[in-house]
Amino acid sequence: MPDVVLTVDKKRYSGWKEVMIRRGIEQIAGTFELSVTDRWAGRDQMWPIKKGQECTVAADGEILITGYVDEVLPRFDKDEHAVVVVGRDKTGDLVDCSAIAKTGEWKDRTILQVAKDIAEPFDITVKAETDIGGPFKRSAIQEGETAFEALERAARMRGVLLISDARGALV
């Protein structure tokens, strides 16, 4: 099994009992679910992990996910006390939150320019690694759309796929 490390608040957590990391082209945000004991041998104090904290997940030294802790679920039984830590890439904010932009409308802007404007409030870097086509004559956020829905609609019009990278950027 690879050496998987969750880093939260500059503290490294390892010694997993169960590890599930999902990254793929069918999802905008990579996810993780890690089961870990909340105390390590030779340490008397707990290492608390809290919902909303920034984190990275690495396997054998390679970062796979840069994002946030979504849930911390304690698990108890007669023999042990464990914690399940669940989280995902920074791009998960695009799925959860409304699209907000200064004007909400763009004229003669490329999908990259529109995506940067939509992702800016979430502090998410946007980059293109393929031909993104020309500018839209007009593009606008529809009422009630999440940031991801607005971006995904524009991406379909240009035939590009939105994914996240290991550093929490939108590609």
Cross-link table 17/51; 17/50; 107/127; 50/116; 11/78; 11/90, entries beyond 23 Å C-alpha to C-alpha: 50/116; 11/78
Calculated FRET value between residue 105 and residue 35, using beta carbons and R₀ = 30 Å, to 0.05: 0.05
Computed accessible area, residue 130, all protein chains, 1.4 angstrom probe, square angstrom: 90
Percent carbon-and-sulfur accessible area, the chain, ignoring ligands, DNA and RNA, probe 1.4 Å: 48
Length released on extending from residue 14 to residue 80, taking residue separation times 0.36 nm less the Cα-Cα span: 22.1 nm
Compactness of the chain as Cα Rg over 2.2 N^0.38 Å, two decimals: 1.21
Alpha-carbon gyration tensor eigenvalues x 5, square-rooted, for the range 70-125, Å: 40, 9, 6
Spin-label zone in the range 59-92 - amide nitrogen under 18 Å from a point set 7 Å from the Cα of residue 166 along the C-beta vector: 59-68, 88-91
For the chain, with +1 on Lys and Arg beta carbons and -1 on Asp and Glu, the positive-most of 170, 83, 35 along the dipole: 170
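The values are calculated or read from the model by the stated rules, or taken from the named source; none is laboratory data. Note that the structure is a prediction, hence the values are computed from the model and not measured. Note that each Cβ is placed from the backbone with ideal geometry, even for glycine, and that neighbours are counted across all protein chains shown. Heads up: the accessible areas ignore ligands, DNA and RNA and are worked out on the full protein's heavy atoms, side chains in. Shrake-Rupley method; radii C 1.70, N 1.55, O 1.52, S 1.80 Å.
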